[in-house]
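Bear in mind that the values in this text are calculations on the coordinates, not laboratory data. Bear in mind the structure is a predicted one, so any value in this text is a computation, not a measurement. Backbone-built Cβ (ideal geometry, glycine too); neighbour counts: all protein chains shown.
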Amino acid sequence: MVTIRYLFAFVVLIHALIHLMGFAKAFQLARIENISSSISKPAGVAWLITTVLFMVALTGFYLDKPFWPVVALIASVASQIIIVTVWKDARWGTLANAMIMVVAIQAFANVQFQKMITDEIEGLLHHVDESTVTAHQQPETLPKPVYKWLKHSGALDNETVYCARIKQTGRMRTTPDGKWMNFTAEQYFDFQNPAFVWTTQVEMISLITLTGRDKFVNGEGEMLIKLLSLVAVADEGPHDKINSAAMLRFLGETSWFPSTALSPYITWQEMDSVSAKVTMKYKDITVQGTFFFTEEGDFSAFEAARYYGGSADSRLENWRIDVVDYKTFNGIRIPYKNRVTWKLEEGDFMWLELEITALEPNNPTRFE
């Protein structure tokens, strides 16, 4: 990836410098034998301006500034117009312009996609209100295995979590026999007004990525996945089934934040010494699942009937989160490694393995 980045920068730099030849020929600053066509001084200024535009775009590219794709597109269009006027001498520059435009268009689409995600994250964080944090339920009223989990995790000795931000890494696949794809992700939670926004970059193959966003806000779920930030390969919601599925995801992921077991929208019913049924009610939606625990008091799994897929005709299937390992973040022991499996009639489909690499509770700001 780094090599391709350097190659692209090299092409832009050389293409920019070549345009100086037209400027030099127009003002007779050097003898340019590679350009046989005559170039007027106004045209020479256009060649110079195009050079400057390419250099500005190149600088923005290296500094990762969001303006560079627009400047690169303007420069490429200007360059192509110039090339047409001296086609015999400069026609090969069309290849460079084509390459620059393809990369710039994809980068521009990614900037717009990330801006949408940024606005959604900031909208979620804007509604986080620390002043409304209260103890909604008394720990002693919880079923014994749930209370034991809170005590064992350290949640009872730490402040209540009202929001959080996390980073993840891992791998996923879209079909039971599909290729595993590496991903990185960020996720933001509001536990006072149940909501999350999850954004990910998935590496399909070298240089080909999927950009995704999954969210649950105001009782509604949405899923959007784009190839190279350009082509939507999944765009679902909100509708009843994806709203329910998104809420179940939120409920399952509260296992990373044990103090949320005391939230007013969550109720518990003891099943046995190592499991409890959990019900979440919010915005006229109700979902249920089962939390499983170890004898020591660790959370070990979550299972629920969840809609498989994001479409309106998706069907209910058993969905399970299993714990792989534990780690302590900010004094709280959590299941930081997980795998997620669909328990389908035709067999288990383990589609996701993830690891939490950063977890910051009660920090209502975005990662830089």
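For the chain, a Gaussian network of Cα nodes joined below 10 Å ranks MET247, MET172, MET99 by mean-square fluctuation, and the top entry is MET99.
Dipole magnitude for the chain: about 1620 debye, using +1 per Lys or Arg Cβ and -1 per Asp or Glu Cβ, origin at the Cα centre. Using a Gaussian network model of the chain whose springs link C-alpha atoms within less than 10 Å, name the residue from GLU296, GLU270, GLU317 with the highest mean-square fluctuation. Per the Cα network of the chain with a 10 Å cutoff, GLU296 tops the list. Simple rule: put +1 on each Lys or Arg Cβ and -1 on each Asp or Glu Cβ in the stretch 241-350, find the dipole, and look at VAL274, ASN330, PHE302; the Cα lying farthest toward the positive end is ASN330. Relative contact order, whole percent, for the chain stands at 13, derived from Cα pairs under 8 Å and 6 or more residues apart.
Determine the distance separating the Cα centre of the stretch 297-368 from the Cα centre of the stretch 251-290; give it in Å without decimals. So the separation of the two Cα centres works out to 14 Å. Filter the chain for me: DSSP H helices, axial length by Cα at least 15 angstrom, mean Kyte-Doolittle hydropathy not below -0.5. List them by residue number. What comes out of the filter, once short or polar helices are dropped, is 2-26, 41-63, 68-85, 93-126, 240-253.
The packing ranking, built from the mean of other Cβ atoms within 10 Å per residue, places the peptides 188-201, 38-51 in the order 188-201, 38-51, highest first. To the nearest Å, what is the center-to-center distance of the stretch 82-112 and the stretch 14-49, using C-alpha atoms only? Spelled out, the Cα-based centre of one part sits 18 Å from the other. Residues whose amide H falls under 5 Å from that of ALA234, counting only those 5 or more places apart or on a different chain, are ILE225, with hydrogens built in the peptide plane. Placing +1 on each Lys and Arg Cβ and -1 on each Asp and Glu Cβ, with no other charges, gives the stretch 74-136 a dipole about its Cα centre of roughly 680 debye. With 19 Å as the limit on Cα-Cα distance, the pairs of LYS281/LYS343; LYS241/LYS281; LYS148/LYS277 that go past it are LYS281/LYS343.
Each of VAL161, VAL146, LEU124 was placed along the dipole of the stretch 121-198 (beta-carbon charges, centred on the mean Cα), and the one lying farthest toward the positive end is VAL146.
Fewest-first ordering of TYR326, TYR282 by other beta carbons within 10 Å of each residue's beta carbon gives TYR326, TYR282. With the charge dipole of the chain set up from +1 on Lys and Arg Cβ and -1 on Asp and Glu Cβ about the Cα centre, the Cα lying farthest toward the positive end among the listed residues ILE321, THR290, ALA234 is that of ALA234.
Taking only Cα atoms and a 10 Å spring cutoff, compute GNM fluctuations for the chain and point out the largest among GLY289, GLY93, GLY170. For the chain, modelled as a Gaussian network with Cα springs under 10 Å, the answer is GLY93.
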